[in-house]
Each structure stands twice: as structure tokens, then as C-alpha cells.
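Engineer: Before I ask anything, here is the structure I am working with.
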Amino acid sequence: MRWTHLKPADGRAMPWRNGGGTTLELAVDLPGATLATGFRWRLSSAEVASSGPFSAFPGMARCLLLLEGAGFDIDFGPRGRVELREPLVPLFFSGDWPAAATLVGGPCTDLNVMWDSACGARVETLRFEGPRSLDLAGAPLLIFVAQGTVAVPSLGLHLGRRHTLRIEDGAGLLAVAAGLGGASLVMARIGPATF
């Protein structure tokens with residue numbers, strides 16, 4: 001198993017494709033990929049300070065989750081509207097779709113998972129207290145700590161809030177333990193299209 005512990009300070013500030021803001025890129029494949037070169041997948045977080053359109057990502061699939069704030073309403077044009085108000089509820093959509101967000105109560109912070117539509121992905125959230133075992137199946141596996149803290153005894157790690165653990169070539173189970181008050185994780189597994 002190969003793993004990398006990524007802290008928010010390790011992230012890379014990247015401009016939005018539409019110029020409307022910046023996103024903190026937490027993990028990307030291929031390493032060092034940019035908007036110009038393209039990427040297989042990317043995990044990022046953005047501070048959304050004002051209402052406006054989403055950047056277009058043709059050929060990509062997306063999953064958006066609210067981390068902080070009152071949320072926003074998203075207008076997908078002919079595909080309807082969605083209210084994203086509850087934290088850590090995954091919203092899946094195509095990067096080809098036109099989309100515009102309207103903030104409902106001030107600035108928000110979101111988490112965004114994008115992957116090439118030739119790939120497949122599973123994104124899920126997990127809230128827990130105490131010890132827990134995570135299934136490492138899926139390559140790679142990204143574990144993002146949305147709330148609380150998490151200890152990973154076998155790796156000698158303590159993951160703080162907004163830390164990411166990237167695991168590749170994993171198998172079996174990984175024992176973790178939530179800190180006092182519990183923890184919330186977002187787990188993204190990215191694999192082949194038939195995944």
C-alpha cells in the first residue's frame with residue numbers, strides 16, 4: 001500500500017476556469033496537472049463568496065458537497081434546480097451541464113470531486129464516533145476529514161480537519177479512530193468506467 005498525508009497547506013491555489021474565484025486543489029492525477037493539460041481526477045475545495053456560474057468541464061463528471069455555510073441553490077437550466085443546503089450530501093452532475101449557483105445566506109465552502117467520464121467514481125460520506133474499519137478497495141482512495149479529527153494507528157498518523165489521506169494499491173481494512181466528538185469523512189474511490 002502506498003499512501004500520502006496531505007494537509008490544507010500542501011494544497012495548490014488554482015484559478016477557476018471562468019475567472020470567478022480560486023479553488024484549493026488538494027489532490028490531482030496526474031501529478032502537477034493543470035487546467036491547460038487536463039487531469040484524470042481532482043479533489044478540491046473552494047470558498048464561494050458570491051453567486052455566479054460554475055466553470056464548464058466538458059467530459060468530466062462532478063460531485064459537489066457543502067462543507068460550511070447555509071448553502072446555495074443551483075440552476076442546471078433545462079435539467080432543473082437543486083437546493084444544496086445540507087452539509088456533506090453528495091450532489092452528482094455532469095461538467096457539461098450549464099450551472100449557476102445562488103448563495104442563500106452568505107459565503108459557503110464546498111468540496112468538489114471531478115473525474116474524467118472515462119473513469120468511474122464512488123463518493124460517500126461517513127459520520128462516526130470511536131473506532132472504525134475502512135475498506136481500502138478501490139484505487140485510489142481519497143479520505144477527506146470534513147469534521148473532527150481521525151487517528152490512523154497503523155500509519156502513525158493523526159488527520160486534522162480538512163486533511164486528506166490518499167491511498168493507492170490498498171487492500172483489506174484500515175483501522176481508524178475518531179477524536180472526541182466524532183468525525184465526518186468524505187471518501188472518494190476512483191476506478192475504471194465499469195467501477
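Engineer: Could you pull out the residue among 120, 138 that is of a type outside the set (Val, Ile, Thr), part of a strand (DSSP E or B) and either over 12 Å from the mean Cα position of the chain (by Cα) or at pLDDT below 95 (or both)?
Structural biologist: Of 120, 138, the one residue that is of a type outside the set (Val, Ile, Thr), part of a strand (DSSP E or B) and either over 12 Å from the mean Cα position of the chain (by Cα) or at pLDDT below 95 (or both) is 120.
Engineer: Within the range 69-85, which residues are within 14 Å of residue 52 (Cβ to Cβ) and either free of Cβ contacts under 8 Å to residues at least 24 places away in the same chain or open to solvent by less than 30 Å² (accessible area, probe 1.4 Å) (or both)?
Structural biologist: Within the range 69-85, 72, 74 meet the criteria.
Engineer: Which numbered condition trips up residue 87, out of (1) in a strand (DSSP E or B); (2) under 23 Å from residue 11 (Cβ atoms)?
Structural biologist: So the condition that residue 87 fails would be (1).
Engineer: Out of all the residues in the range 86-99, which are out of contact with any Phe, Trp or Tyr (no Cβ under 6 Å at 6 or more places or on another chain) and either closer than 17 Å to residue 61 by Cα or open to solvent by 100 Å² or more (accessible area, probe 1.4 Å) (or both)?
Structural biologist: Matches in the range 86-99: 86, 89, 90, 91, 92, 93, 94, 96, 98.
Engineer: Of everything in the range 116-152, what is open to solvent by 20 Å² or more (accessible area, probe 1.4 Å) and in contact with a Cys (Cβ under 9 Å, 6 or more places away or on another chain)? Give them in sequence order.
Structural biologist: 121
Engineer: Can you tell me which residue within the range 178-195, out of those that are under 29 Å from residue 108 (Cα atoms) and surrounded by fewer than 16 Cβ atoms within 10 Å (Cβ to Cβ), is modelled with the highest pLDDT? Step through it out loud before you land on a result.
Structural biologist: Filtering the range 178-195 for residues under 29 Å from residue 108 (Cα atoms) gives 178-190.
Next, from what is left, pick out any that are surrounded by fewer than 16 Cβ atoms within 10 Å (Cβ to Cβ): 180-182.
Values: 180: 94, 181: 94, 182: 97.
By that ranking, first place goes to 182.
Engineer: Related question: Inside the range 90-112, can you point out the residues that are touching a Leu at 6+ places or on another chain (Cβ under 9 Å) and assigned to a strand (DSSP E or B)?
Structural biologist: Within the range 90-112, 91, 92, 93, 101, 108, 109, 110, 111, 112 qualify.
Engineer: Out of all the residues in the range 141-195, which are assigned to a loop (DSSP other than H, G, I, E, B) and under 29 Å from residue 30 (Cβ atoms)? Steps first, please.
Structural biologist: At the first step, the residues of the range 141-195 found to be assigned to a loop (DSSP other than H, G, I, E, B) are 148-149, 156, 160-163, 169-172, 179-182, 193-195.
Answer for the range 141-195, where residues must be assigned to a loop (DSSP other than H, G, I, E, B) and under 29 Å from residue 30 (Cβ atoms): 156, 160, 161, 162, 163, 169, 170, 171, 172, 193, 194, 195.
Engineer: Please tell me if residue 67 is under 17 Å from the mean Cα position of the chain (by Cα), modelled with pLDDT of 95 or more and part of a loop (DSSP other than H, G, I, E, B).
Structural biologist: Criteria not met by residue 67.
Engineer: Report whether or not residue 72 is over 18 Å from residue 164 (Cα atoms) and in contact with a Leu (Cβ under 6 Å, 6 or more places away or on another chain).
Structural biologist: Spelling it out, residue 72 is indeed over 18 Å from residue 164 (Cα atoms) and in contact with a Leu (Cβ under 6 Å, 6 or more places away or on another chain).
Engineer: Out of the range 5-34, which residues are exposed (fewer than 13 other Cβ atoms within 10 Å of the Cβ), polar (S, T, N, Q) and within 19 Å of residue 109 (Cα to Cα)?
Structural biologist: Residue satisfying the conditions is 18 alone.
The values are calculated or read from the model by the stated rules, or taken from the named source; none is laboratory data. Since we're looking at a predicted model, the values are computed, not measured. So basically every Cβ, Gly included, is an ideal-geometry build from the backbone, and we count neighbours across all protein chains shown. Calculation scope for accessible area: heavy atoms of the full protein, side chains included, ligands and nucleic acids excluded. Shrake-Rupley method; radii C 1.70, N 1.55, O 1.52, S 1.80 Å.
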